[in-house]
Amino acid sequence: MMHLLVTGGAGFIGSNFTHHAILRSGHDVTVLDALTYAGNRESLAGLSEDRLRFVQGDITDTALVDELVRQADAVVHFAAESHNDNSLADPRPFLEANVVGTFVLLEAVRRHDVRFHHVSTDEVYGDLELDGHVRFTEETAYNPSSPYSATKAGSDMLVRAWIRSFGVQATISNCSNNYGPFQHVEKFIPRQITNVLCGIRPKLYGAGTNVRDWIHAEDHSAAVLTVLEKGRIGETYLIGADGERDNKSVVELILTLMGQAADAYDHVLDRPGHDLRYAIDATKLRTELGWEPRFADFEDGLAATIDWYRDHRDWWYPAKAATEAFYAKQGQ
Ligand code: NAD
Ligand code: TDX
């Protein structure tokens, strides 16, 4: 049992991980989260105060981070600005949170000799050809496309440098696209589900042929815990569950599962620099650490996610109008 400092623990994946770490693995958790527009205290509801301490604060706050890291056995770092479209509209917050924030955490774990796990994305590798069979591995060269993925790539490089230069005890994981409950309505799948629930037609960027490799957030959380508990220091592990789908078929599936005509969606302006395809080869994680995804069937996972949004309007509805107003301004 460890005392974990989880940054970004009020976000989509960080809150899922916090539940997982406390309820399945028996760790105690301190969450450090700034509660930006993307953070929601309600996502941690139901966890006992004996096991979870919540601190509202910023990962760029050196004094606060130093004190919390000093008290922890390990840091699991999820906090980030996470949405590509926002990074295209206003990149600066991404530099602050993703690059400076990771730097502040690295300096604190270095000072206190605390184990660090850095949560990152497959987007650091850029994109793959649409009709190819090549997938990302731990050896793929970095080639980020957007301000978001460039700042995540920068944060990964900082972690690697702190491992090599200062001997920081760190691991990195790069995961593919997550779905599941508690995801902000700005993201693709919840946006389309909540559009249908609000009587708005789903919005597909461009032709919708872009491919994403979907994994349930529960499987991502389990993988991060596996790397934290069993991963080799200094190593990177890719996380993915063989879930490649093109965006058009995902929208059609959502509409069908929600009892609508499969073509009841709109094509809208494409994302500038839109990555074509992501695909993860997770052989290293599976063979070396024995991790396997539990949510093998995307359609079942998506149906359960739709039910969750139908049943939790109070959680997502307050963010819906502002999110759609942002997209309307972008022509999306
Ligand atoms: P999210 O946007 O839902 O949550 C981010 C959380 O971080 C929020 O609670 C927010 O309040 C907090 N935060 C942001 N800036 C902060 C700061 N300066 N100080 C303290 N807290 C701050 O993001 P998510 O989708 O849960 O992603 C979590 C992590 O996983 C990110 O590092 C992201 O790059 C990575 N990741 C996400 C996906 C995905 O599909 N969503 C896939 C691979 C990797
Ligand atoms: O309304 C939409 N219509 C649409 O066609 C939205 C919001 C998105 N899209 C497309 C763009 C992408 O091809 O759907 C795909 C998924 O979009 P996002 O949910 O914005 O995810 P993506 O840009 O792929 O990045 C996600 O996965 C990697 C997360 O947001 C990142 O945090 C993570 O690192």
_How much length would be gained if the chain were fully extended between residue 233 and residue 161, taking 0.36 nm per residue of separation minus their Cα-Cα distance, in nm to one decimal?_
24.6 nm
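Kindly provide the trypsin sites (Lys or Arg not before Pro) of the stretch 16-83 that DSSP labels as loop, not H, G, I, E or B, and whose Cβ sees at most 15 other Cβ atoms within 10 Å.
Listed in order of number, the matching sites are 51.
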*Accessible solvent surface per residue of the chain, calculated while the other protein chains remain in place, 1.4 angstrom probe, Å²*: 41 Å²
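Using Cα-Cα distances under 8 Å and only pairs 6 or more residues apart, what relative contact order does the chain have, in percent? Display every interim value, and only then the final one.
Values: 628 pairs, mean separation 56.3, N = 332.
Computed value for the chain: 17 percent relative contact order.
Just check the stretch 262-323 against the gyration tensor rule for me: Cα atoms, a ≥ b ≥ c as the square roots of the eigenvalues, rounded for a/c under 1.5, and otherwise prolate or oblate depending on whether a/b exceeds b/c.
Oblate shape, in that a/c is at least 1.5 and b/c is the bigger or equal ratio.
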*Point-charge dipole on Cβ atoms (K/R +1, D/E -1) for the chain, about Cα centre, debye to 20*: 380 debye
*Could you tell me what % of all Cα pairs in the stretch 216-317 have separations over 19 Å?*
59 percent
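Would you work out what percent of the accessible area of the chain, with all protein chains in place, is carbon or sulfur (probe 1.4 Å)?
Result for the chain: 50 percent of the exposed heavy-atom area is carbon or sulfur.
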*Fully extended, how many nm does the chain gain between residue 169 and residue 111 (0.36 nm per residue separation, minus their Cα-Cα distance)?*
19.7 nm
*asked:* Once you order the gyration tensor axes a ≥ b ≥ c over the Cα atoms, which shape class does the stretch 181-229 get: rounded for a/c under 1.5, otherwise prolate or oblate by comparing a/b with b/c?
replied: oblate
*Rounded, prolate or oblate: which fits the stretch 84-160, taking a ≥ b ≥ c as square roots of the Cα gyration tensor eigenvalues, rounded meaning a/c under 1.5, else prolate when a/b beats b/c?*
oblate
*Send over the semi-axes of the chain's equivalent ellipsoid, whole angstrom and largest first, taken as the square roots of 5 times the C-alpha gyration tensor eigenvalues.*
31, 22, 19
*Student exercise, the stretch 206-311 dipole from Lys, Arg, Asp, Glu Cβ charges, in Debye to nearest 20*: 320 debye
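For residue 36 and residue 326 in the same chain, what is the full-extension length gain: residue separation times 0.36 nm, less their Cα-Cα distance, in nm?
102.8 nm
Compute the FRET efficiency between residue 129 and residue 296 as 1/(1 + (r/R0)^6), taking r as their Cβ-Cβ distance and R0 = 30 Å, and round to the nearest 0.05.
0.70
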*Calculate, axis by axis, the spread of Cα positions in the stretch 88-210 along the three principal axes, and write the results as whole Å, longest axis first.*
53, 34, 26
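The values are calculated or read from the model by the stated rules, or taken from the named source; none is laboratory data. Source: prediction; values computed, not measured. Cβ atoms come from the backbone with ideal geometry, glycine included; neighbour counts cover every protein chain shown. Each accessible area value is taken on the protein alone, full model and side chains, heavy atoms only, with ligands, DNA and RNA left out. Shrake-Rupley method; radii C 1.70, N 1.55, O 1.52, S 1.80 Å.
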